[in-house]
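One structure below.
The values are calculated or read from the model by the stated rules, or taken from the named source; none is laboratory data. What you are looking at is a predicted structure, and each value in this text was computed from that prediction instead of being measured. Don't worry about glycine lacking a Cβ; one is built from the backbone with ideal geometry, like all the others, and counts go over all protein chains shown. Each accessible area value is taken on the protein alone, full model and side chains, heavy atoms only, with ligands, DNA and RNA left out. Shrake-Rupley method; radii C 1.70, N 1.55, O 1.52, S 1.80 Å.
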Amino acid sequence: MQRYLYSDLLLFISCCSSCSDGDKECFTPPPAFFADIRNGDGRSILSQYKAEDISLYYLDENDGSVNVDFYIEGFLISGDLPFISKNGETSFYLEIDDVIDTLVVEVLKDQSLDDCTAYFFNYVGFNGKPAELDTTGQRGVYILTRE
């Protein structure tokens with residue numbers, strides 16, 4: 001599986017370097033996950049649904065379904081998903097219209113920072129393919145395309 005390192009790292013380095021003053025450690029949490037779900041024609045499908053029509057979950061060690069908090073504001077947004085993914089590659093399941101898609105996310109700790117703990121998205125995949133990162137707006141948005 002191919003890995004892609006995204007530009008989120010730059011944001012974390014600047015954030016951490018500003019909060020370190022010698023002996024104090026700082027913590028920069030993983031950024032919130034922003035995604036736009038599109039059909040095969042490239043059109044966003046999120047506007048067709050309410051949050052209650054969508055399920056986002058993962059399976060725990062006992063194969064029990066664990067819901068992941070999210071909201072929709074033009075994008076599917078989750079602050080929980082990156083924290084769950086910071087311990088290694090994690091598979092999530094996104095259910096819309098009785099169709100279940102697989103979302104794989106890996107968040108890594110930046111090992112190059114001495115006094116800081118900072119995280120970045122190392123990999124985001126959707127249905128077995130790397131997700132595209134759209135950086136044209138104010139924040140990075142992962143494009144999840146349903147074929």
Next on the checklist: I'm trying to understand the selection: among the residues of segment 37-59, which are of a type outside the set (A, V, I, L, M) and in a strand (DSSP E or B)?
Outcome noted: Arg38, Ser44, Ser55, Tyr57, Tyr58
Checklist entry - Would you pick out the residues in segment 127-147 that are open to solvent by 80 Å² or more (accessible area, probe 1.4 Å) and of a type in the set (S, T, N, Q)? => result Thr135, Thr136, Gln138
Next on the checklist: So Thr102 passes all but one of these: (1) polar (S, T, N, Q); (2) farther than 24 Å from Gly42 by Cα; (3) touching a residue at least 12 places away in the same chain (Cβ under 8 Å). Which condition number does it fail?
Outcome noted: (2)
Checklist entry - Are any residues in segment 130-147 touching a residue at least 12 places away in the same chain (Cβ under 8 Å) and of a type outside the set (A, V, I, L, M, F, W, C), and if so, which ones? => result Pro130, Glu132, Asp134, Thr135, Arg139, Gly140, Tyr142, Thr145, Arg146, Glu147
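Every residue, every condition in (1) at pLDDT 95 or above; (2) crowded, with 16+ Cβ neighbours inside 10 Å, yes or no:
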residue	(1), (2)
Gln2	no, no
Thr28	no, yes
Phe34	yes, yes
Gly40	no, no
Item to check | Positions within segment 54-108 being in contact with a helix residue (DSSP H, G or I) (Cβ under 8 Å, 6 or more places away or on another chain), loosely packed, with under 15 Cβ neighbours inside 10 Å and among the hydroxyl-bearing types (Ser, Thr, Tyr), in sequence order | outcome: Tyr71
Next on the checklist: So Leu108 passes all but one of these: (1) out of contact with any Lys or Arg (no Cβ under 9 Å at 6 or more places or on another chain); (2) without any contact (Cβ under 8 Å) to a residue 24 or more places away in the chain; (3) not polar (S, T, N, Q). Which condition number does it fail?
Outcome noted: (1)
Next on the checklist: Please go through (1) touching a helix residue (DSSP H, G or I) at 6+ places or on another chain (Cβ under 9 Å); (2) at pLDDT below 95 for Arg146 and return the number of the only condition it doesn't satisfy.
Outcome noted: (1)
